[in-house]
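Only one structure is covered here, and it is reproduced in the block below.
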Amino acid sequence: MSEHLLVVDDITLRFGGVTAIDGVGFHVDEGELFSIIGPNGAGKTSIFNTLSQVYRPQEGDILWKGESIMGMRPDKVAELGIARTFQNIELFANMTVVDNLLTGRHVRMNSSWLSGALWFGPAKKEEMENRRKVEDIIDFLEIEQYRKLPVALLPYGIQKRVELGRALAMDPVLLLLDEPVAGMNQEETEDMARFILDIRRELGIAMIMVEHDMGLVMDIADRILVLDFGQKIAQGLPDDIQQNPDVIAAYLGGELTG
Amino acid sequence: MYRRPKLYTSYEQETQLLPTWTQKGLAGAFIAVLFLLPFDIPVITDPIPGLGWLPIFGDGIPVVRFLGDGEWIRVTSQVLVLAIAALGLNLLSGVAGQVSLGHAFFMGVGACTAAYLGGHADSQVWGHSLPIWIWLPGAGIAAALVGIIVSPVAVRVRGIYLAIVTLGLVFVGIHLGNMSFGRKIAGPPSLGREFQDLDIRLWKEETPLINMSDDGRWLFFDVTEEQKRYLFFLVLAIGFTVLAKNLVRTRTGRAWQAIRDRDIAAEVMGVPDFKSKLEAFAISSFFAGIAGALVVSLSGHLLSDEFNLFFSVEFIAILLIGGAGTTSGALIGTFFVIMIPRFVEEFTRWLADAEGGVSGAVANAILTGGEGDFGFVSSGIESQGWPLSVADWNVVLFGVLIIVFLIFEPLGLFGIWIKVRNYWKGWPFSY
């Protein structure tokens, strides 16, 4: 078996009597843009939450570069290089854009509270180095004019972009994008699509994208996984997925079978 | 023609605590005033020429004329010491978002540790007579250790529940102070014990390295005991302010703010929940412990009952009135909460002495000697029922202020300052 970046091995996640994810398995390779789609409540975000170990699946295993991450603390998973954005923006609302991105750098910095309190010396040096990296990301995402504003004051589309920036600040190997263009207009969607493609081309970061905008998914995804009621109903290339009768049934409603 | 605005050309410049020269100048002037405050220099005791017709300037400004007075140095010293504690609580509750009503408890731990390490033993209490460079940091470290023990609770409960849990600490603390070993440390209940002076010694030698408990000469100046203590506290307060500021602007402080704003998202972004809260509790308690030891040294008498719930609530009020989450807010809040009642008292006393003119009329309108008057402030020290005494009015004022600030200005005095500043920055445009 060739080494995949991430292997999700038939995980099952239950909340009491509800089975949110039912034996779903897939894998993601380096530099790949993998997409998960499905109707509401299909378990897409739950998969993200199990990947970052906010939820602990009862069955199955998640392998990162061949090693299990099951039972790890979320911050340790982040340290491995799995970054994510959220469906409903989860930025640190009272902090400025720069501070939000610097918080993303948290796992890549290591000055302690003591050197931080003293400021001069290692802490200051580290602040400056990381500020430079954060400025690169600000430049990349074209949010220069917002850098010193608290994110709560920013428009929705920009907040989404800042959240992407915060994830990028972690120097991720795998980026989990939860509905990156939800609620955006055509222009903002196109901008975001451009950023996603740039991230893949220039930074070579693998991505898993959950998205409802089918046009976007079919255009940019390499492979697609389709979920419905927590179960995998199809997986494959965009063209195949579009023709798949089960997928069409899940989205448009099919005839009752059995 | 306007010159080009001054731009930041490096990240070092931009991340300075006081990035502009205006700010540097103002802060420098402010600190200079603070250093001069205990001395007689800025006191205006004579009527201001040309303003004598204004009743309030008739016989000197009441707010300024007491500044050289020993009693008022004690109050300003108190502000400085409590500011250190407020800075600590601000880190925990304002920056890291962990509301704590147990701040008085941590201060009490610091005070008792300091008394145990630095106090002198007798038949009733333990003490090791150690020098200040051991007992003062020791007070902070002991409080920090207790904070670390308490911090796992914060991972389990949050918000109002954490406030209630920490509230319990205050009662545990008072109970511990009444137990047999507690009495050995804090002295008999409601009697307390003598607290050591602030003399700086290398070890237990007779003549201290720096004498803090008598009047004397420092460099070329004659300083009284109160002035010495004030200066000592001022240096410490400035030091702790810088530490707090630095913490907030670096990695640890950002982790705290992230935990405050979105704790689960923060964890997913790689900020360890438990470790951050533990650090917040430990550092905040360290500040509290130091302040606890200093506040007792100010009165020279340790009484474990002093570290009660009302004391904790006072710090919450300081944060709310000053502006939670901002270092300047904690400082302004402390000044306001401690000084305003004294100002009100002093002003009333001054009014009571006033005769004739506008101030006399004002005095007639609001003060009452006790019988048949319509004034709503009793000039007596104690008063039964209406009209309330000045002290009672102060408590009312305090409560009303908390309500007003919570409803109208959640950012506190700091928020008001920001609004005023932005108004003048944009003037004559509205934004």
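Readers should treat all values here as calculations from the given coordinates under stated rules, not as data from a laboratory. Not measured: the values here are computed from a predicted model. Here the Cβ positions follow ideal geometry from the backbone for every residue, glycine too, while neighbour counts run over all protein chains shown.
Are there DSSP H segments in chain B that both extend 24 Å or more along their axis (alpha-carbon positions) and score a mean Kyte-Doolittle hydropathy of at least 0.5? List them, or say none.
On the way: long enough: B:70-89 (29 Å, 1.38); B:132-150 (27 Å, 2.16); B:160-178 (28 Å, 1.89); B:225-249 (36 Å, 0.60); B:273-299 (39 Å, 1.09); B:327-353 (39 Å, 0.76); B:390-408 (26 Å, 2.52).
Qualifying helices: B:70-89, B:132-150, B:160-178, B:225-249, B:273-299, B:327-353, B:390-408.
From the mean inverse distance of alpha carbon pairs (Kirkwood) and the Cα radius of gyration, derive Rg over Rh for chain A. List each step's numbers first, then the result.
On the way: Rg = 19.2 Å, Rh = 19.3 Å.
Rg/Rh: 0.99.
Pop the C-beta distance of B:Ser129 and A:Phe229 into the FRET formula with R0 = 51 Å and round what comes out to the nearest 0.05. Once rounded, the FRET efficiency stands at 0.10. Overall form of the protein assembly as shown: prolate. Here a/c, set by the Cα gyration tensor axes a ≥ b ≥ c, is 1.5 or more, and a/b is the larger of a/b and b/c. Along the charge dipole of chain A, pointing to its positive end and built from +1/-1 on Cβ of Lys, Arg, Asp and Glu, which listed residue (A:Ile21, A:Gly81, A:Ala123) has its Cα farthest out? Checking the options against the dipole of chain A, the answer is A:Ala123.
Relative contact order of chain B: what whole-number percent is it, with Cα pairs under 8 angstrom and at least 6 residues apart? Don't skip to the end; give the middle numbers.
Numbers: 679 pairs, mean separation 93.8, N = 431.
Rounded, it is 22 percent for chain B.
Note on B:Thr20 and A:Asn94: with the Förster distance fixed at 30 Å, the Cβ-Cβ geometry gives a FRET efficiency of about 0.85. Each of A:Asn40 and B:Ile403 was given a label point 7 Å from its Cα along the Cα-to-Cβ line. The distance between the two points is 4.3 nm. Label separation (A:Val18 vs B:Ala29): 6.1 nm, computed from points 7 Å beyond Cα along the C-beta direction. Phi angles of region A:67-83 translate, via the Karplus equation with coefficients 6.51, -1.76, 1.60 and θ = phi - 60°, into HN-Hα couplings of 10, 6, 10, 5, x, 6, 6, x, 6, 6, 4, 4, 5, 5, x, 9, 10 Hz per residue; Gly and Pro are given as x. Label reach from A:Arg73 (point 7 Å along Cα→C-beta): in region B:259-287, amide nitrogens under 12 Å belong to B:267-268, B:270-279. Of all the options A:Pro180, A:Pro74, A:Pro172, the one that moves most in a Gaussian network model of chain A with Cα springs shorter than 10 angstrom is A:Pro74. Taking a sphere under 10 Å around the Cβ of B:Gln124 and counting the other residues whose Cβ falls inside, with K and R at +1 and D and E at -1, yields a net charge of +2. Round to the nearest 0.05 the FRET efficiency obtained for B:Glu206 and A:Gln87 when R0 = 60 Å and r is the Cβ-Cβ distance. Taking R0 as 60 Å, the efficiency between B:Glu206 and A:Gln87 is 0.25.
Under a Cβ-Cβ cut-off of 14 Å, what is the net charge of the residues other than B:Thr166 that fall near it, where Lys and Arg count +1 and Asp and Glu count -1? Write out the running numbers ahead of the final one.
Working: positive: B:Arg156, B:Arg158, B:Lys277; negative: none.
Counting the neighbours of B:Thr166, the net charge comes to +3.
A simple spin-label model places pseudo-atoms 7 Å from Cα toward Cβ; at B:Val235 and B:Glu345 they are separated by 3.0 nm. Here A:Lys148 is the anchor, and the lysines within straight C-alpha reach of less than 30 Å, apart from those fewer than 8 places off in the same chain, are A:Lys76, A:Lys124, A:Lys125, A:Lys133, A:Lys160, B:Lys6, B:Lys24, B:Lys245, B:Lys275, B:Lys277, B:Lys419, B:Lys425. Each of B:Leu82, B:Thr250, B:Pro131 was placed along the dipole of chain B (beta-carbon charges, centred on the mean Cα), and the one lying farthest toward the positive end is B:Thr250.
For region B:75-200, the square roots of the Cα gyration tensor eigenvalues, ordered a ≥ b ≥ c, give a/c of at least 1.5 with a/b greater than b/c, which places it in the prolate category. Just to be sure I understand: with springs between alpha-carbon atoms less than 10 Å apart, which residue in B:Phe311, B:Phe221, B:Phe405 has the highest mean-square fluctuation in the Gaussian network model of chain B? Result: B:Phe221 has the largest fluctuation of those listed. In region A:1-108, taking the dipole from charged Cβ atoms about the Cα centre, the farthest positive-side position among A:Phe92, A:Gly31, A:Leu5 is held by A:Phe92. Mean-square fluctuations from a GNM of chain B, with a 10 angstrom spring cutoff on Cα atoms, peak among B:His103, B:His301, B:His175 at B:His175.
Extension gain B:His120-B:Asp353, at 0.36 nm per residue separation less the Cα-Cα distance, in nm? Please report the intermediate quantities before stating the final value.
Numbers: separation 233, 0.36 × 233 = 83.88 nm, distance 4.51 nm.
Between B:His120 and B:Asp353, full extension yields 79.4 nm more.
Taken about its Cα centre, the protein assembly as shown carries a charge dipole of roughly 1140 debye when the Cβ of each Lys and Arg holds +1 and the Cβ of each Asp and Glu holds -1.
Charges only on Cβ, +1 for Lys and Arg, -1 for Asp and Glu: so what's the dipole of chain B about the Cα centre, in debye to the nearest 20?
Working: 29 positive and 35 negative charges, 464 e Å.
The calculated dipole for chain B is roughly 2240 debye.
Net charge of the neighbourhood of B:Asp273, taken over other residues with C-beta under 9 Å away and scored Lys/Arg +1, Asp/Glu -1, is 0.
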